[in-house]
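Right, one structure below, let's go through it.
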Amino acid sequence: MSEFKKVVFSGVQPTGNLHLGNYLGAIRKFVALQEGNDCIYCVVDMHALTAQLVHEDMPNQIRSIAAAFIASGIDPQRHIVFNQSAVPQHAELAWIFNCVARLGWMNRMTQFKDKAGKDREQASLGLYAYPSLMAADILVYRGTHVPVGDDQKQHLELARDIAMKFNLDYAQHIRKAGYGIDITVGNEPVHAYFPMVEPLIDGPAPRVMSLRDGTKKMSKSDPSDLSRINLMDDEDAISKKIRKAKTDPEGLPGEIDGLKGRPEADNLVGIYAALADRSKADVLAEFGGQQFSVFKPALVDLAVNVLSPITAEMRRLMSDTSHIDAILRNGGERARARAEVTMKEVRDIVGFLY
């Protein structure tokens, strides 16, 4: 083996309703990556405990994410769709990575600081250590590429640090056991068991902001449902939310520079562009000079046209969950088989008897 086989991994937490930002920023990319790649898509239910320990209906939250994957076009036969807790090897490798990772590395994770807030002493150990579990999620399949947004790039760097330290610390064990391949990291030759994970950035990701405040990201946790378009929203809800979306009194500019200092206008134009798979400049060339009273109905029609088939299929899948459950079971079995290949070799490298 002269190089690691390309494997794409990504996961979505089953917390709250998936919305337009999740679809445009992540799930639509997952669908595109299926062509020519070996893809593993995970509902990361173990990570969900870091945000909220007790969930009222975790099983249906898990199913809902899987339904969104399938309804959006992910093929669970060609690729793997499963929930994280069905594969205990994730947690097993995460413990080894907890021992590899350094406290100083974890202390630099800005997301922990943001999510823990001022009273960090009350934050869970899981929230502090979850970047280590995220590294295990990827590397238990020896994943090589991860589609990421800006907020996860730091965690991917940590995954690389953990992989590198494991490779260096266990270099003799890896070579003696006959595992790993020779790679170069920077100018340094390394006999590596784990790959150096690379981010997959396919053009600028659409940054979908709140419909009520164009300076904040669209979020599942926003108390106002009017701030987001949920993937399960019907046509009336989509129309209502777009019509009520915050704007300013000016019409749409003819060029992108005219959107500066107008976050709400910029957001709606960006949503239209992403849904239509066009550039903002192209959208403004069509609607420049028009008022929002003209643009918003056009955006409603486009959003309904793109999202309605996905919503209808999600509703169908969730009305009888046996099909989704079968997909997750099958995906879990296939994921466990692949993860166990890695863990048998990792146990051998580390020196565990099994």
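A few notes on this one:
- Qualifying residues in the stretch 15-43 (those that are of a type in the set (S, T, N, Q) and buried (at least 19 other Cβ atoms within 10 Å of the Cβ)) - the one modelled with the highest pLDDT: N22
- One residue from R142, R207 being in contact with a strand residue (DSSP E or B) (Cβ under 9 Å, 6 or more places away or on another chain), touching a residue at least 40 places away in the same chain (Cβ under 8 Å) and under 22 Å from G25 (Cβ atoms): R207
- Qualifying residue in the stretch 47-56 (condition: closer than 24 Å to A86 by Cα, surrounded by fewer than 22 Cβ atoms within 10 Å (Cβ to Cβ) and among the polar types (S, T, N, Q)): yes
- Single residue of the stretch 107-128 satisfying the filter (without any contact (Cβ under 8 Å) to a residue 40 or more places away in the chain and in contact with a helix residue (DSSP H, G or I) (Cβ under 6 Å, 6 or more places away or on another chain)) that is most open to solvent (accessible area, probe 1.4 Å): Y128
- Evaluation of S239 against (1) in a loop (DSSP other than H, G, I, E, B); (2) touching a residue at least 40 places away in the same chain (Cβ under 8 Å); (3) more than 26 Å from the chain's Cα centre (by Cα) (one fails), failing number: (1)
- Entry remark, the stretch 160-181: residues being over 20 Å from V341 (Cα atoms) and touching a residue at least 60 places away in the same chain (Cβ under 8 Å) number 3 in total.
- Residue ID - surrounded by the fewest Cβ atoms within 10 Å (Cβ to Cβ), chosen from residues in the stretch 238-255 that are closer than 19 Å to L18 by Cα and among the β-branched types (V, I, T): I238
- Helices (runs of 4 or more DSSP H) (entirely within the stretch 1-113) containing at least 1 residues that are among the charged types (D, E, K, R): 28-33, 45-51, 58-72, 89-100
- Test: A303 is under 28 Å from C39 (Cβ atoms), outside any loop (DSSP other than H, G, I, E, B) and not aromatic (F, W, Y): yes
- The stretch 153-187: number of residues that are under 20 Å from K5 (Cβ atoms), touching a His at 6+ places or on another chain (Cβ under 8 Å), among the hydrophobic types (A, V, I, L, M, F, W, C) and assigned to a helix (DSSP H, G or I): 1
- Among the residues listed as A245, A237, the single one being in contact with an Asp or Glu (Cβ under 8 Å, 6 or more places away or on another chain) and not aromatic (F, W, Y): A245
- Residue match in the stretch 132-149 (condition: open to solvent by 50 Å² or more (accessible area, probe 1.4 Å), at pLDDT 90 or above, under 25 Å from the mean Cα position of the chain (by Cα) and under 30 Å from M218 (Cα atoms)): no
- Qualifying residue in the stretch 330-351 (condition: more than 22 Å from V7 (Cα to Cα) and either assigned to a loop (DSSP other than H, G, I, E, B) or of a type in the set (F, W, Y) (or both)): yes
- Answer from D222, D248, D213 - the residue that is in contact (Cβ under 8 Å) with a residue 12 or more places away in the chain, closer than 24 Å to A66 by Cα and in a loop (DSSP other than H, G, I, E, B): D222
- Residue list for the stretch 270-296, filter: assigned to a helix (DSSP H, G or I) and without any contact (Cβ under 8 Å) to a residue 24 or more places away in the chain: D282, V283, E286, S293, V294
The values are calculated or read from the model by the stated rules, or taken from the named source; none is laboratory data. Being a predicted model, the structure only gives us computed values, none of them experimental. Reconstructed Cβ throughout: ideal geometry from the backbone, glycine too, with neighbour counts over all protein chains shown. Surface accessibility is based on the protein's heavy atoms, side chains included, excluding ligands, DNA and RNA. Shrake-Rupley method; radii C 1.70, N 1.55, O 1.52, S 1.80 Å.
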